[in-house]
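Here the structure comes first, spelled out in structure tokens, and everything after it is commentary.
The values are calculated or read from the model by the stated rules, or taken from the named source; none is laboratory data. Everything numeric here is computed off the predicted structure, so don't read it as measured data. For neighbour counting, all protein chains shown are included, and Cβ atoms are generated from backbone atoms with ideal geometry for every residue, glycine included.
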Amino acid sequence: MVLMTGKEYIETLEKRGPLTIYLMGQRVENPVTNPIIRASMNSIALTYDLAHRPEYRDIMTTKSVLTGNTINRFCHLHTGVEDLQNKVKMLRILGQKCGTCFQRCVGMDSLNAVYLTTYDIDQKFGTQYHKRFIEYVKMVEEKDLVIDGCMTDPKGDRSKRPSEQNDPDVYIHVTERQEDGVVIRGAKAHQTGAINSHEHLIMPTLAMRNEDKDFTICCAVPADVEGITYYYGRQSCDLRRLDETKEGDVDCGNPVYGGQECLIIFDDVFVPNDRIFMKGENEFCGRLVESFAAYHRQSYGGCKVGVGDVLIGAAATIADFNGVLKASHIQDKITEMTHLNETLYSCGIACSAAGQKTEAGNYLVDLLLANVCKQNVTRFPYEIARLLQDIAGGLFVTCPSSKELSDPETRKVIEKYLVGAEGVDTVDRIKILRLIENLTLGRAAVGYLTESMHGAGSPQAQRIMINRLSNIDEKMKLAKALARIEN
Ligand code: SF4
Ligand code: FE
């Protein structure tokens, strides 16, 4: 049994082969010591550390269905609806603890989606993908790895199929078939936790047609394999992590934890046969994409709710620091925030509780409810953030730099004029305001707002699924039956 600690996880990243990473025009030699990147690693490290805390053990760890060993739930194939609900609960806890995206869920979601899809492919074509994939999952469980579920291609001209693009590299595709494997080329965009992952589990980004067979590839490569380059995504206020004064931490808002998104370039990367889980079976791309998307749309009913809890806590704290916590309109706004947040959680739990066993044996969430969950996530966090900004007042965007606190003369002025309710430390008041800035405008807003909009598919992707699954014919029959309409 391997259950790594957060420290051991960071050590595995240090021991990897060198990665080619670009961040703001510079090559990053050691991502582990880079303050911008390190914060995102700290968030994943939490997924390891909590597994060792007795109070979280039941939720963070579970028994492997493949080996019977105790494993981290992030490596797990779901064995029932309780498992699916525990996943949502786990993500809520982690969101509460780091206040941002902790990145590891895409791997868990891709493991489950590839597991059920490889089974279906083998049933139809007599291939050996599922057996291979089981061996891969065992390795992931045993080593307690972070997997980057690698789905979104850059896509180029959206009006064209992958095979019609002027430059085929805007979709990952096979460029060479060899006896012992294939060579792939292309890119994946918006990759959550890419540099912090041990492995990339590459999946097709959309349903492919016969002419797109070269683009129909599902496979795994180590994050340090030859031929990969990472372009680190800039996020709002990221340079604040480079502030050197102790007070600089105050301006970060959330000094310890962050998220990470990257553009990954695959420049003729070799993939051996035992790491290929789909190659050309384009009729199964839809199943893979839909199931991965559904699992990740379920995830948002957990992680965003946990971060939502932090927003609600920040709203109550700043109201308290301003001396208005008991005001009825403040209480009403906090109640509304809670109502919205718990609605999202209800969706995450509901799509889990209504999950079904797949042919492969693992459990898949209810597709319609998972899409409803994510559709709500594209909206409610914006309202929750709006209410937080309303309660906070304007100071979270007009507050002088914390460097002013380093000079005794200017500090005196800040303390005198930015004072809040009696007995509240002015610096504490600034700290919570900076956290609010971080959550609604800064780095964490990427995870809480924009990712809520576009992560796991933009709103229209869910509306297409909701429309497809809504069974309108059946509902028309219900209405007609009551109205005594024959046909
Ligand atoms: Fe996990 Fe949420 Fe980040 Fe997705 S957005 S990786 S579900 S924390
Ligand atoms: Fe995401």
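Residue under question is L449, and the condition is that it be within 32 Å of the chain's Cα centre (by Cα) and either over 22 Å from M337 (Cα atoms) or within 16 Å of ligand 1 (Cβ to nearest atom) (or both); does it hold? So that I can check it myself, show each step before the final result.
Details: within 32 Å of the chain's Cα centre (by Cα): yes; either over 22 Å from M337 (Cα atoms) or within 16 Å of ligand 1 (Cβ to nearest atom) (or both): yes.
For L449, the condition - within 32 Å of the chain's Cα centre (by Cα) and either over 22 Å from M337 (Cα atoms) or within 16 Å of ligand 1 (Cβ to nearest atom) (or both) - is met.
Tallying residues that are loosely packed, with under 11 Cβ neighbours inside 10 Å, touching a strand residue (DSSP E or B) at 6+ places or on another chain (Cβ under 9 Å) and over 16 Å from Y232 (Cβ atoms) within the stretch 1-55 yields 1. For the stretch 256-274, the set of residues classified as surrounded by fewer than 21 Cβ atoms within 10 Å (Cβ to Cβ) and not aliphatic (A, V, I, L, M) consists of D267, D268, F270, P272, N273, D274, listed by residue number. The condition of being under 17 Å from the mean Cα position of the chain (by Cα) and among the hydroxyl-bearing types (S, T, Y) holds for only one of T118, T127, T100, that being T100. Within the stretch 93-119, being more than 10 Å from ligand 1 (Cβ to nearest atom) and within 30 Å of G313 (Cβ to Cβ) holds for I93, Q96, K97, G99.
Yes or no, residue by residue, for (1) of a type in the set (D, E, K, R); (2) surrounded by 13 or more Cβ atoms within 10 Å (Cβ to Cβ); (3) free of Cβ contacts under 8 Å to residues at least 24 places away in the same chain; (4) within 14 Å of ligand 2 (Cβ to nearest atom):
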{"residue": "G447", "(1), (2), (3), (4)": "no, yes, no, yes"}
{"residue": "S452", "(1), (2), (3), (4)": "no, yes, no, yes"}
{"residue": "G457", "(1), (2), (3), (4)": "no, yes, no, yes"}
{"residue": "A461", "(1), (2), (3), (4)": "no, yes, no, yes"}
{"residue": "M465", "(1), (2), (3), (4)": "no, yes, no, no"}
{"residue": "L478", "(1), (2), (3), (4)": "no, no, yes, no"}
{"residue": "A483", "(1), (2), (3), (4)": "no, no, yes, no"}
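Do the conditions hold for S64, that is, is it in contact with a helix residue (DSSP H, G or I) (Cβ under 9 Å, 6 or more places away or on another chain), surrounded by 24 or more Cβ atoms within 10 Å (Cβ to Cβ) and either in contact (Cβ under 8 Å) with a residue 60 or more places away in the chain or of a type in the set (A, V, I, L, M, F, W, C) (or both)? Answer is no for this residue. If the condition is being of a type in the set (K, R) and either under 21 Å from G423 (Cα atoms) or within 16 Å of ligand 2 (Cβ to nearest atom) (or both), then the stretch 277-336 contributes R297, K304, K326. Inside the stretch 260-288, can you point out the residues that are within 16 Å of ligand 1 (Cβ to nearest atom) and among the aliphatic types (A, V, I, L, M)? Answer for the stretch 260-288, where residues must be within 16 Å of ligand 1 (Cβ to nearest atom) and among the aliphatic types (A, V, I, L, M): just I264. Here L311 clears all of (1) under 23 Å from the mean Cα position of the chain (by Cα); (2) closer than 20 Å to E437 by Cβ; (3) touching a residue at least 40 places away in the same chain (Cβ under 8 Å); (4) away from ligand 1 (no atom under 16 Å from the Cβ) except the condition numbered (4). Do the conditions hold for A319, that is, is it more than 28 Å from L84 (Cα to Cα), more than 13 Å from ligand 1 (Cβ to nearest atom) and surrounded by 24 or more Cβ atoms within 10 Å (Cβ to Cβ)? Answer is no for this residue.
Considering each of V183, V225, V170, V146 in turn, give the residue that is touching a Gly at 6+ places or on another chain (Cβ under 8 Å) and surrounded by fewer than 19 Cβ atoms within 10 Å (Cβ to Cβ).
Numbers: V183 fails: touching a Gly at 6+ places or on another chain (Cβ under 8 Å); V225 fails: touching a Gly at 6+ places or on another chain (Cβ under 8 Å); V146 fails: surrounded by fewer than 19 Cβ atoms within 10 Å (Cβ to Cβ).
That would be V170, the only listed residue that is touching a Gly at 6+ places or on another chain (Cβ under 8 Å) and surrounded by fewer than 19 Cβ atoms within 10 Å (Cβ to Cβ).
Inspection of the stretch 329-346 identifies no residue that is within 30 Å of Q123 (Cα to Cα), of a type in the set (A, V, I, L, M, F, W, C) and at pLDDT 95 or above.
Candidates are the residues of the stretch 71-90 that are in contact (Cβ under 8 Å) with a residue 60 or more places away in the chain and among the charged types (D, E, K, R); the one that is surrounded by the most Cβ atoms within 10 Å (Cβ to Cβ) is K87.
Taking the condition part of a helix (DSSP H, G or I), touching a residue at least 60 places away in the same chain (Cβ under 8 Å), away from ligand 1 (no atom under 12 Å from the Cβ) and more than 25 Å from the chain's Cα centre (by Cα), does A294 pass?
Details: part of a helix (DSSP H, G or I): yes; touching a residue at least 60 places away in the same chain (Cβ under 8 Å): yes; away from ligand 1 (no atom under 12 Å from the Cβ): yes; more than 25 Å from the chain's Cα centre (by Cα): no.
Criteria not met by A294.
State which residue is surrounded by the most Cβ atoms within 10 Å (Cβ to Cβ) when the search covers only the stretch 376-426 and only residues that are outside any helix (DSSP H, G or I), under 33 Å from the mean Cα position of the chain (by Cα) and touching a residue at least 12 places away in the same chain (Cβ under 8 Å). If we take residues in the stretch 376-426 being outside any helix (DSSP H, G or I), under 33 Å from the mean Cα position of the chain (by Cα) and touching a residue at least 12 places away in the same chain (Cβ under 8 Å), then T378 is surrounded by the most Cβ atoms within 10 Å (Cβ to Cβ). Taking the numbered list (1) of a type outside the set (A, V, I, L, M); (2) without any contact (Cβ under 8 Å) to a residue 12 or more places away in the chain; (3) within 16 Å of ligand 2 (Cβ to nearest atom) in turn, R177 passes all entries but (3).
State yes or no: is L94 within 16 Å of ligand 2 (Cβ to nearest atom), more than 16 Å from L288 (Cα to Cα), at pLDDT 95 or above and buried (at least 16 other Cβ atoms within 10 Å of the Cβ)? Break it down stepwise before answering.
Numbers: within 16 Å of ligand 2 (Cβ to nearest atom): yes; more than 16 Å from L288 (Cα to Cα): yes; at pLDDT 95 or above: yes; buried (at least 16 other Cβ atoms within 10 Å of the Cβ): yes.
The answer is yes for L94.
Selection of the stretch 127-150 for residues being among the basic types (K, R) and in contact with a helix residue (DSSP H, G or I) (Cβ under 9 Å, 6 or more places away or on another chain) yields K131, R132, K143.
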